[in-house]
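The structure under discussion appears below in the form of structure tokens.
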Amino acid sequence: MLQIHSRPQTDFDRLVRDLRPRLYTFCARMVGSVVEGEDVLQDTLLKALQAWPGAERLDSPEAWMFRIARNAALDALRRGGRTEPLDDHEHLAVETADALSQRELAEFGLRPFVKLSPAQRACLILMDVLGYTLAEIAPMLDMSVPAVKATLHRGRAKLRALAATLEDPAPLVLDAAERAHLARYVALFNARDFDAVRALLADDVRLDLMGEFTRHGRAGVEPYFGNYSRLLGWHLVLGVIDRQPGLLSYRDGAIANFIFISWRDGRITRIRDFFHCPVARGMADARPLAEASFPEGGAVLV
């Protein structure tokens, strides 16, 4: 683990740079969403930055950061009413079951993880996804090593059982108005008519170039489209990313990025662009929406 005993800002920046991909993976799997995972990560980094100058000597800043991420994820789950009660027997020391294989993890995706208790979820992510040891996980979660071992055992068993029985979710519906807004954005972007795209921005628009920066207001957001105008070989299509309607950007025939657009009265109020988040793109279940997905009346089943 990283060892940092001073509090200069450069140390914090280095810590964030080294841990960001792992922290994001942890947050996204904890809340079951590649999109919300970035929001939880941003909350984690803000809380960590605020606490950094006054932090006591840290023998393990890595564990300290994951404790903050765990608490930020739990806060997000509570706000959404998505926490499940802990298993009363979760902290009994038992032999650890076989670790989840990479094949199993890929097949599970994000959905089954959110059916586990928060403690089970955190232990499985840290060990089976991120590769931490029992001794490293214990201080991250304020648990004993036997408790981590027992939680892993029960979480693995429950996850394997869930994966075999998880039902397909009910279809989501994208209404005609939202589809029309997104389709207009796609058409203007693909025609490289960025002046027309800029005209769609609300005065209070917000841009989140995830993992890089946030900009507010038209003047701050308009240069974003200039960057895309200089990139060749890109085009957008309407798509669904982790069961949320959004835009997929293709380059050389492959999905290279995804973007979410929010609207109010026909104006763009927020853009969330994951161009700089390769970990999120690798985790997301993203696919284009064919015209056949749109039944008569304009709605689309996602």
List the residues whose amide H sits under 5 Å from the amide H of Leu289, counting only those 5 or more places along or on another chain, with H placed 1.01 Å from N in the peptide plane. Leu238, Gly239, Val240
Ordered by residue, what ³J(HN,Hα) values in Hz, to whole numbers, does segment 122-129 give under the Karplus form 6.51 cos²θ - 1.76 cosθ + 1.60, where θ = phi - 60° and Gly and Pro are x? 5, 5, 5, 5, 5, 8, 7, 8
Spelling it out for Ala256: with amide H atoms placed in the peptide plane at 1.01 Å from N, the residues 5 or more places away or on another chain with amide H under 5 Å from its amide H are Ser249, Tyr250, Arg251
Heavy atoms only, probe 1.4 angstrom, no DNA, RNA or ligands counted: give me Val237, Val197 ranked by accessible area, highest first. Val237, Val197
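Quick check: net charge around Arg67, other residues with Cβ under 11 Å of its Cβ, Lys/Arg +1 and Asp/Glu -1? Don't jump to the answer; show the numbers that get you there.
Details: positive: Lys47, Arg70; negative: Glu62, Asp142.
Neighbour charge sum, excluding Arg67 itself: 0.
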Find the percent of Cα-Cα distances in segment 177-257 that exceed 15 Å, and round it to a whole number. 63 percent
Run the reach check for Lys149 against lysines, Cα to Cα strictly under 25 Å, same-chain hits fewer than 8 apart removed. What comes back? Lys115, Lys158
Quick one: the Cα spread of segment 140-276 along its three principal axes, in angstroms, biggest first? 60, 34, 33
Step through the residues of segment 268-278 one at a time and calculate ³J(HN,Hα) from phi using the Karplus curve (6.51 cos²θ - 1.76 cosθ + 1.60, θ = phi - 60°), rounding each to whole Hz and writing x for Gly and Pro. 6, 9, 7, 10, 10, 10, 9, 4, 9, 10, x
From the C-alpha coordinates alone, can you work out the Kirkwood hydrodynamic radius of segment 128-205, in Å? 17.9 Å
Quick one: if you stick a label point 7 Å off each Cα along the C-beta vector at Asp193 and Trp263, how many nm between them? 1.6 nm
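The values are calculated or read from the model by the stated rules, or taken from the named source; none is laboratory data. Quick caveat, the model's predicted, so the values are computed rather than measured. Every residue, glycine as well, gets a Cβ built from its backbone with ideal geometry; the counts of neighbours run over all protein chains shown. Only protein heavy atoms, including side chains, enter the accessible area calculation; ligands, DNA and RNA are left aside. Shrake-Rupley method; radii C 1.70, N 1.55, O 1.52, S 1.80 Å.
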